[in-house]
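Since every read-out is calculated from the coordinates, none of them should be taken as a lab result. The structure displayed is predicted, hence computed values, not measured ones. Cβ placement follows ideal geometry from the backbone for every residue including glycine, while neighbour counts extend to all protein chains displayed.
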Amino acid sequence: MEQFRDRVKEVAIIVTAVREGATASMINRNQCGSLASVYDGIDDYLKKLVEMDAANDVRLLPLLDEIIRVLERGKVLVLQYGSAQWFELAVTRGDNREAFKEIHLLLETNMKTLHDHISQGSPASNLWRFFVHICAKREMRAIAEEDHDKILETLQMFYENLPTAIDKLKGTADMYNLPINMQIDSREVKCGKEIGKGAYGLVREAYWLGCNFAVKTIKTTDIDALRKEVGILAKLSHPHIVQLVGFSRGLPNSMILMELMDGDLRHLTKDRVKSTPQAPPFPPEVAIDIISQIAAGMAYLHKQGVFHGDLKASNVLVNHRGGHIEAKIADFGVSQIVQLTNRFHTSKHSDSGSSVYSNSSFSGIVGTTGWRAPEVSDIQTKEGETSSVKPTYTGKADVFSFAMTCYEVVSGKLPYSSDLPRQSVNELVREGVRPELPEDINPRLSSLIQKCWQTEAPERPTFEEICFDLQEIKALETEAQGRQKFQKRKKSRCTIS
């Protein structure tokens, strides 16, 4: 019970910080305030559990720890809007409703699970109605729209001469033309050191309007690559997709300005393996969380009709937010999109995601050998030569790449040896040879990864199904940790007696 009390005190500290942060926020104040109200409800709920002596099971501690992790993520989200970098955030994460929505959903799911465990035969069974009443909030879309309008007012108040930033929040892009409202003056961008390479250009650190960003340089002669990547990114807004800031056309290179992240998942995984070579790169709960974030980002992409085409750990960027690792999908240089004509102006009730999985939605050889699905690989003739026929495939090819990315996260290794020739790897993939998953991996997660790298595309799940499975896996992993804590405590008592 004392451990539960200590965690409730920790929650109270987080709640106080969020409440103060919501008041001090320069932008998204309504959404910050709505989240702060939910935090107050959780704080009151947990304190009442302590008063009623209804939380004396050590198996609840891992679940409460997971709730605290989500609360910390929400705290980082709220506090950033009152920080000195608020203008940078207004440009890169001004319309961040999906991030708030994600925190609300995770808290609701975990709190419901906690309540279900406690309320069985407990006087706390009537507390859920109290919690729901405390956390009653206005419709999220309405307050997000209010925040969006107020961002424009705030920017105009503090930065009257920044039409680019203001237009970015106002405008929409034409899929066939470079969006004029997102063009920036390349002379205002100071490029720094190289930090990576994309499918079509180098990525460097950049300094623009007093803020740090990342900039990808593309040869101006390759206007199609610039138009495609900007056209796709301009339409996307999700907490697990890297955010476009603007672009510039010039000679000899054009540039795409994006939010700056700490690094990529491949390098982070590699560093983890070096520091602890005998252990997996991440604890089970952290690995599942990172994989869940990638899946959520991919589910959003597919819902928008976007096929990524080159998903791998090096194309997943990461930030360290307190004790949490934030993952975002990047590099849309080889991405494709369903139904270019009026694609982003369909009814909100249309099932856009299903078109990604329809027959032969995409064509051409894209991606990276080892992560590339078998149906995307070179088509071979009977004589072993490469056919001139372009392969066709669906969004299930992204699911295969996702499985290989999961393998990187849980093992710290590349899917296939870098010493093998490209054609040899392609043959192994087509023959159904897959990397060996670690023995100590969560069995449900192992099963899901194996479903995702099935040779036959129709046998692979959609990302919506993957996200649902990962929610269950995360819940079961938390319960398993609770049982382990219970057994350890029980064993220690027996030893003492």
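Between E188 and E10, full extension at 0.36 nm per residue minus the direct alpha carbon distance yields a gain of 59.6 nm.
Taking other C-beta atoms within 10 angstrom as a stand-in for reagent exposure, I365, I241 fall in the order I365, I241, fewest first.
Among P461, V433, S418, which residue has its Cα positioned farthest towards the positive end of the charge dipole of region 409-480, with +1 placed on the Cβ of Lys and Arg, -1 on the Cβ of Asp and Glu, and the dipole taken about the Cα centre? Farthest towards the positive pole: S418. Fully extending the segment from K112 to S424 would add 107.4 nm, taking 0.36 nm per residue of separation and subtracting the current Cα-Cα distance. Packing, taken as the mean count of other beta carbons within 10 Å per residue, orders the peptides 35-42, 417-424 from highest to lowest as 35-42, 417-424.
L265: net charge of surrounding residues, Cβ under 13 Å, Lys/Arg +1, Asp/Glu -1, itself excluded? My count for the surroundings of L265 gives -2. A protection proxy built from the mean count of other Cβ atoms within 10 Å ranks the segments 297-304, 466-473, 314-321, most packed first, as 297-304, 314-321, 466-473. Ranked for footprinting exposure by Cβ neighbours inside 10 Å, fewest first, E108, E439, E98, E459 give E439, E459, E108, E98.
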